[in-house]
Each structure stands twice: as C-alpha cells, then as structure tokens.
Amino acid sequence: MAKITFVEHNGTEHVVEVAAGLTVMEAARDNNVPGIEADCGGACACSTCHVYVAPEWVDRLPPKEAMEEDMLDFAWQPDPARSRLTCQIKVTDELDGLVVHMPEKQI
Ligand code: FES
C-alpha cells in the first residue's frame with residue numbers, strides 16, 4: 001500500500017491509500033478525487049490525467065516513456081520537470097508519501 005496526496009489547484013488535499021499495482025490515475029478515479037478526468041481511461045491518449053509531481057518526488061519516480069513525453073505536450077501548461085500523466089505511473093510501496101498537484105484545468 002502507498003499513501004498518495006492529491007492537491008487540487010485550490011489547495012484542497014485528498015489523501016488516499018492505494019494498493020500496489022494500480023496506477024496513480026486509478027487511485028484518484030477510484031477515490032473520487034476531483035481534477036483528474038482520465039478521458040481515455042489510461043491509454044496515454046488524452047493528457048487529462050496530468051499532474052505536477054512535488055519537486056522532492058520528481059527523481060524518485062520511474063522515468064517517462066516517449067509516449068508520455070509526447071502526450072504531455074497537449075496538457076495544460078506542462079512543466080518540463082514536474083509534469084506527469086498519472087495513468088503512466090504504477091503505484092508501488094516505494095511511492096508511499098507521494099504528493100501530486102493538479103493543474104488549474106485539464107485539456
Ligand atoms: Fe488519458 Fe492518462 S488517462 S492519458
């Protein structure tokens with residue numbers, strides 16, 4: 001299990017416990033966390049599951065694949081260092097304590 005904190009753009013925090021093996025997007029969806037729309041259902045084809053990873057976590061996540069990198073170009077105000085697509089991040093016990101911030105909007 002891993003505890004993940006989702007921070008809405010307005011500062012509202014949602015802390016969820018997630019089983020290893022799910023994705024960070026699924027963790028948000030299954031816990032009704034607002035701000036992650038995931039229109040494509042996790043196929044890395046929409047960019048509406050975009051978040052900004054807390055700076056201290058950027059280097060602790062598995063690196064982005066080329067497909068995620070490409071799709072992030074379509075996200076709202078992507079940050080080259082901190083932006084990730086949550087459907088492409090698998091939850092592991094090592095992610096316990098992860099903090100991600102939602103963008104102002106998803107496009
Ligand atoms: Fe569509 Fe992540 S859910 S890219």
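The values are calculated or read from the model by the stated rules, or taken from the named source; none is laboratory data. On a predicted model such as this, the values are computed, not experimentally measured, just so you know. Reconstructed Cβ throughout: ideal geometry from the backbone, glycine too, with neighbour counts over all protein chains shown. Note: accessible area is taken over every heavy atom of the protein model, side chains too, but ligands, DNA and RNA are not part of it. Shrake-Rupley method; radii C 1.70, N 1.55, O 1.52, S 1.80 Å.
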**Complete:** Of the listed residues (ALA54, ALA38, ALA66, ALA28), the one being open to solvent by 60 Å² or more (accessible area, probe 1.4 Å) and among the aliphatic types (A, V, I, L, M) is ALA66
**Request:** With respect to SER47, determine if the residue is touching a residue at least 40 places away in the same chain (Cβ under 8 Å) and touching a strand residue (DSSP E or B) at 6+ places or on another chain (Cβ under 8 Å).
**Result:** yes
**Prompt:** Which one of these does ARG29 not meet: (1) over 14 Å from PHE6 (Cβ atoms); (2) in a helix (DSSP H, G or I); (3) out of contact with any strand residue (DSSP E or B) (no Cβ under 6 Å at 6 or more places or on another chain)?
**Reply:** (1)
**Asked** Quick one: what pairs do we get from region 15-39, first residue more than 10 Å from the ligand (Cβ to nearest atom), second part of a helix (DSSP H, G or I), C-beta under 6 Å, 6+ apart or different chains?
**Response** VAL16/ALA27; VAL18/ALA27; ALA20/ASP93
**Request:** Sort through ASP70, ASP79 and tell me the only one that's more than 23 Å from ALA2 (Cα to Cα), without any contact (Cβ under 8 Å) to a residue 24 or more places away in the chain and not hydrophobic (A, V, I, L, M, F, W, C).
**Result:** ASP70
**Prompt:** Scanning region 57-107 for residues that are under 18 Å from ARG29 (Cα atoms) and assigned to a helix (DSSP H, G or I), which turns out nearest to the ligand (Cβ to nearest atom)?
**Reply:** CYS87
**Asked** over 16 Å from GLY97 (Cβ atoms), more than 9 Å from the ligand (Cβ to nearest atom) and not hydrophobic (A, V, I, L, M, F, W, C) - does that describe any residue in region 40-48?
**Response** no
**Item:** Leading residue by the ranking (surrounded by the most Cβ atoms within 10 Å (Cβ to Cβ)) among those in region 41-51 that are of a type in the set (Gly, Ala, Ser) and at positive phi
**Value:** SER47
